[in-house]
Amino acid sequence: MEILKYALLGFIQGFTETIPVSSSGHLMIFKALLDVDIDFDTIAILTNFGSLIAIVILFWNDIVKLFKNFFKYIIHKDKESKKDYEYCFMIVLGCIPAGIAGLLVSYFDIFDKIENNIKIVGISLIITAILLFLIRNFKGSKSEKDLGVKEALTVGCFQILGLFPGISRSGSTIVGGMFQGLKRDTAFKYSFMLYIPMSIAALILEIGDISFDTNLILYYTVSIIVSCIVTLLVTKWFRKIVNNGKLIYFSIYCMIVGLLVIILL
């Protein structure tokens with residue numbers, strides 16, 4: 001039964017990490033619902049690592065191509081590599097607003113008083129629902145070659161919203177991209193290109209907070225593997241949802257869950 005609990009938490013993280021419903025918010029909800037003796041902070045960090053592995057696998061070809069063309073342009077000034085070179089800078093630029101905000105939040109312990117307040121999660125889910133509802137019919141016309149400083153900074157600022165427990169990082173960045181007129185798949189891909197460096201940075205900052213119990217290595221491993229596999233499958237499914245313009249379903253879900261959390265928990 002114990003290993004099933006860790007597998008369940010890995011599943012929750014994997015299923016909710018990349019879709020716009022907030023993985024941190026759902027872990028807090030299950031923490032409130034389940035009376036279990038589990039270090040949720042450590043599990044959140046480890047299962048997020050599992051999700052990070054999945055996203056790297058999913059976008060591996062894109063990552064390799066960007067790295068190659070980045071250095072190819074620097075060394076050889078290859079014109080065909082210039083767009084990928086510029087795209088790399090847009091990724092860096094898009095990470096700056098949330099990166100600065102995240103450091104400030106961590107340094108001043110801004111969320112200490114609200115991080116375990118389940119009502120905040122409910123309110124944040126409702127905010128996510130509203131954002132998703134507003135862009136439900138957006139299609140956009142801008143592709144990757146049109147991604148510039150304005151678009152990158154806008155998406156980066158929207159990513160700050162994802163720092164709040166209950167507000168989805170993927171949801172807020174995709175919303176930001178669509179507000180700037182990016183095509184659905186362009187917004188989706190850019191959102192996850194930002195996710196990779198942001199997740200690595202968060203992992204580095206949080207690794208000191210892990211209370212690693214050597215007796216639970218098997219359980220930790222199970223939760224990471226489950227999170228990785230589920231994230232991989234769900235992200236592929238979510239990409240189809242975004243491209244088909246069906247984000248309204250997530251808006252309805254977030255609104256219902258947000259209201260239930262406020263009323264019942």
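Throughout, read-outs are computed from the coordinates displayed, never taken from laboratory work. Everything quoted here is computed from the prediction, not taken from an experiment. Cβ sites come from the backbone with ideal geometry, for glycine too, and all protein chains shown count toward neighbours.
Could you list L259, L264, L161 so that the one with the fewest beta carbons within 10 Å of its beta carbon is first and the one with the most is last? Walk me through the numbers on the way to the answer.
Numbers: L259 14, L264 10, L161 21.
Ordered by Cβ neighbours within 10 Å, fewest first: L264, L259, L161.
How compact is the range 2-264 by the rule of thumb for globular proteins, expressed as Cα Rg over 2.2 N^0.38 Å? If you can, show how the numbers build up before the last one.
Numbers: Rg = 18.3 Å, N = 263, 2.2 N^0.38 = 18.3 Å.
This ratio for the range 2-264 stands at 1.00.
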Legend entry - Largest-first principal axis extents of the Cα set of the range 147-265 (Å): 50, 37, 26
Inset, instruction - Taking 7 Å along the Cα-to-C-beta vector as the label spot, tell me the L264-E2 distance in nanometres, rounded to one decimal. - result: 3.0
Legend entry - Listed residue pairs exceeding 32 Å between alpha carbons, taken from K82/K246; K119/K145; K142/K236: K82/K246; K119/K145
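Kindly identify the range 86-166 as rounded, prolate or oblate by the Cα gyration tensor criterion: order the square roots of the eigenvalues as a ≥ b ≥ c, call it rounded if a/c is under 1.5, otherwise compare a/b with b/c, prolate if a/b is larger, else oblate.
Details: a/c = 4.62, a/b = 1.38, b/c = 3.34.
Oblate shape, in that a/c is at least 1.5 and b/c is the bigger or equal ratio.
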